[in-house]
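What follows is one structure encoded as structure tokens, with my remarks underneath.
The values are calculated or read from the model by the stated rules, or taken from the named source; none is laboratory data. Small disclaimer: the values here were computed from a predicted structure and weren't measured. All Cβ positions, even for glycine, are placed from backbone atoms using ideal geometry, and neighbour counts span all protein chains on display.
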Amino acid sequence: MQLKKPIGASLAAATCGLLGALPAAPAAAQEVGDWDIDSSLLLYGEDNDRVKDVSLDIAIHRALDEDRSFNLNFTVDSLTGATPNGAAPTNEPQTFTGASSGKSYTVPAGEVPLDPSFLDTRIAGSANWQQGFGEASRWNVGLTFSDEYDYSHIGANARLEHDFNLKNTTVYLGVAYGQDEINPVGGAPVPLTPLPGPSDTPGGEGEGEGEDDGGGGGPSQSKDVTDLLVGVTQILSRRSLLELSFSYGRSSGYLNDPYKILSVVDPVTGLPAYTDQFPGALGIRSFLYLYENRPDSRSKQSAFAEWRYAFDRDSMAVNFRYMTDDWGVRSETAEARYRWNINDRSYLEPNLRYYTQTAADFYHTVLFIDRPVPQFASADYRLADLDAYTVGFKYGHLTDRGEFSVRLEYYKQEGTPSPGSAVGELANHELILPMQAVIAQFGYRFKF
Amino acid sequence: MGSPCELLVETKDEALALRVARFAAHEARRIDGKFSRYRHDSLVHAINSSHGRPTSVDDETARLIDYGEALWKLSERRFDLTSGLLRQAWNFDEGPVAAHPKKIPALLDHIGWQRVTWEPPTLTLPEGMEIDLGGIGKEYAVDRVADWVITETDEPVLVNFGGDLRCTGRPPANGAWHVGIESIELAGEAAGRIKLGAGALATSGDAKRHIEIDGVRHGHIFDARTGWPVRGAPRSITVAAPTCSQAGSYSTLAMLQGEGAEAFLQSEGVRYWLLR
């Protein structure tokens, strides 16, 4: 049956006779890889030796056929550095019991207290399955988890999409549920009670770093989070697209940051009050700080709109998000991106983002000793009146092997203390430290 | 061509895209009209109605006939430009088996390139015989268009006539054309997608239709020596080669090897995807 010898040369000669000449190049054909790998390394650094994060992320997408695909995502984060503990600066050095380490640290006079012992490694992952049904619908279900030494999360999500109007309109509906468990170092503190003084810290200095024996504090805490999302994507013309979405989210359970405290100060001098001025406080007389307390539920609503436009060569997108919650926080985010396609293989995408939020109702830069302790109070700057700007760009280069990208961003954040907090000595200090951060991300995306 | 013909041009030059598309459409219609067996005004129809008289053919037809003759030799007479008569014994439109096997011996008397006198540019076809250039005409049309496009532009262009295709110019922006091939399966996957950076792909066979005769699966291509579809042929074969004509010939000749299709393709050292 088998032909006697390879026919390649004879066939090439015959084809040459048919066509006159043959292309010099051989054929280049291979299977398209169905594994799509998107990997990135993110470096994040805040100024003043605050938080540094090194994050490695790998996203795997695999299409099984036109209708079915799955995604797997793994992230490892390593966070180090210092974070504001919530206390206000004063004209004397202040000594605190390290929240996440159990070690004491002293902050020089006049400086915003930063807890230097912040150190964490986080791993996170997710798995999603997407499948089409009917001609125009898809569903997607997934599981998420993350774990770090004092916090763990598991969650599930589902999303349904449907195309109408010759696929010019897509409507989607999503729901996500998550359960988080918080195991603060040394147990969850009793809210609005004094931080133990440096010398009467249970299991104080000398304890192993990051070890949580659960002694002294409350049991582990939990919260659950439910999010609902509904949205529509509408193609407006050959060049433009509009996406609108609304979401509702509700968290309930333990929403405190167990490591955040508030300074209690004299309403006239602005100097720290002392533990013996606080009813029922025990131990050696020292500056008075209280553990924060937040409501045990939070409901958020947000609306999002994005408009994308394609020029002949380039494209751009602008979006806006409005969020409001029952803690009194209202935020607005506006963002614009422009993708400049330099040539067939490279692009440069500058972006700008502006964020502003109002303070939570219970945000207090400091508490005053002459007033009753409020039911809820936090001095976490992330709940203050804040403005933030991001400016950056992403450069991407396509090669035959994949796409390389570099993203560089500069971030600046400024908080405003709660009204009336800059009394006496406090007027001499910056109560919320402005923060600047640089983000560098290196990405490589390829198929195999 | 009896199938959708498509041209993909990656360019910002609209005039170029239109020019290339117009040429492709014109060339496809011209070749179809000239070599179609079904059209009464075609050259092939004139040859097949010659009743044993010598017919003089133009240079292009002569080159196609030469090519068909070469395939006849290379396939050791399995491929034959005169095998089209077998459609009188086999009717694929009416289901897997709708044959009149008793007709085959009589038909074989009128099949076989050895009976033809081919002295370019004169072809003498004995009375009762006919030739069919359709089997090689489609790939030829793809190559004709591709060769013209190369002289016109270096922009990436993909010429796709009914799934037989060839790309020209530099690779497109994402590095290669992603071609979905319906009738092949890549290892464990439902739909085969191939990245084509240069050259051509051609497919023989049909993954969806089987021909079973007395419980034995047969291919869709006839062995001109026996008048029967090839026993043990793969359902479909896709081959990559520098030109569409070569790719098409490899896939057809491999199909004609039946059980030996893989061994043939391996010994030829070509890139192929095969579905059994």
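Brief remarks follow.
- Some residue of segment B:41-50 being modelled with pLDDT under 95 and under 17 Å from the mean Cα position of the chain (by Cα): yes
- Residue in segment B:69-87 that is hydrophobic (A, V, I, L, M, F, W, C), within 14 Å of another protein chain (Cβ to nearest Cβ) and out of contact with any Phe, Trp or Tyr (no Cβ under 7 Å at 6 or more places or on another chain) present: yes
- The single condition among (1) exposed (fewer than 14 other Cβ atoms within 10 Å of the Cβ); (2) under 28 Å from the mean Cα position of the chain (by Cα); (3) under 30 Å from A:T275 (Cα atoms) that A:L143 does not satisfy is (3).
- Cross-chain or 6+ apart pairs with Cβ under 7 Å, segment A:232-244 first and within 10 Å of A:W307 (Cβ to Cβ), then acidic (D, E): A:E243/A:E306
Listed here are the residues, each with its yes/no results for (1) more than 22 Å from A:V423 (Cβ to Cβ); (2) of a type in the set (A, V, I, L, M); (3) at pLDDT 95 or above.
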| site | (1), (2), (3) |
| --- | --- |
| A:V76 | yes, yes, yes |
| A:N85 | no, no, no |
| A:T95 | yes, no, no |
| A:G102 | yes, no, no |
| A:V112 | no, yes, no |
| A:D115 | yes, no, no |
| A:I123 | yes, yes, yes |
| A:N128 | yes, no, yes |
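- Of all residues in segment A:141-179, those satisfying the criterion of being among the polar types (S, T, N, Q), assigned to a strand (DSSP E or B) and farther than 23 Å from A:S251 by Cα are A:T169, A:T170.
- Residues within segment A:306-326 that are surrounded by 14 or more Cβ atoms within 10 Å (Cβ to Cβ) and closer than 22 Å to A:K394 by Cβ, tallied: 13
- Within segment A:352-395, being of a type outside the set (A, V, I, L, M, F, W, C), part of a loop (DSSP other than H, G, I, E, B) and over 17 Å from the mean Cα position of the chain (by Cα) holds for A:T358, A:D361, A:H364, A:T365, A:D370, A:R371, A:P372, A:P374, A:Q375.
- Output for segment B:1-56, where each listed residue is part of a loop (DSSP other than H, G, I, E, B) and either exposed (fewer than 12 other Cβ atoms within 10 Å of the Cβ) or of a type in the set (F, W, Y) (or both): B:G2, B:S3, B:P4, B:K12, B:Y38, B:H40, B:D41, B:H51, B:G52, B:R53
- Among the conditions (1) crowded, with 18+ Cβ neighbours inside 10 Å; (2) part of a strand (DSSP E or B); (3) away from chain B (no Cβ under 14 Å); (4) in contact with a Ser or Thr (Cβ under 8 Å, 6 or more places away or on another chain), A:R407 misses just one, which is (4).
- Where B:G192 falls short, out of the listed (1) buried (at least 16 other Cβ atoms within 10 Å of the Cβ); (2) at pLDDT 80 or above; (3) within 9 Å of chain A (Cβ to nearest Cβ): (2)
- Count - residues of segment A:14-34 that are more than 8 Å from every other protein chain (Cβ to nearest Cβ) and at pLDDT 85 or above: 1
- Check on A:F287, of a type outside the set (S, T, Y) and surrounded by 17 or more Cβ atoms within 10 Å (Cβ to Cβ): yes
- Count of residues meeting criterion [in a strand (DSSP E or B) and more than 12 Å from chain A (Cβ to nearest Cβ)] in segment B:218-244: 9
- Sole exception among (1) closer than 30 Å to B:A198 by Cα; (2) touching a residue at least 24 places away in the same chain (Cβ under 8 Å); (3) surrounded by fewer than 16 Cβ atoms within 10 Å (Cβ to Cβ) for A:D370, by number: (1)
- Per-region count, segment B:55-64, residues more than 10 Å from chain A (Cβ to nearest Cβ) and in contact with a Leu (Cβ under 7 Å, 6 or more places away or on another chain): 3
- Applying the criterion of being touching a helix residue (DSSP H, G or I) at 6+ places or on another chain (Cβ under 8 Å), within 8 Å of chain A (Cβ to nearest Cβ) and not aliphatic (A, V, I, L, M) to the residues of segment B:245-276, the residue that is nearest to B:W228 (Cα to Cα) is B:Q257.
This table checks each residue for (1) among the β-branched types (V, I, T); (2) farther than 30 Å from A:V112 by Cβ.
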site: A:L41; (1), (2): no, yes
site: A:N48; (1), (2): no, no
site: A:D57; (1), (2): no, yes
site: A:R62; (1), (2): no, yes
site: A:L72; (1), (2): no, yes
site: A:T80; (1), (2): yes, no
site: A:P89; (1), (2): no, no
site: A:E92; (1), (2): no, no
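- Here segment B:123-148 is the region considered, the condition is being assigned to a helix (DSSP H, G or I) and closer than 11 Å to B:L81 by Cα, and the residue that is farthest from the other protein chains (Cβ to nearest Cβ) is B:G134.
- Residue check for B:E152: over 22 Å from the mean Cα position of the chain (by Cα), surrounded by fewer than 16 Cβ atoms within 10 Å (Cβ to Cβ), more than 8 Å from chain A (Cβ to nearest Cβ) and at pLDDT below 90: no
- Selection from segment A:40-68 of residues that are away from every other protein chain (no Cβ under 14 Å), acidic (D, E) and in contact (Cβ under 8 Å) with a residue 24 or more places away in the chain: A:E46, A:D47, A:D49, A:D53
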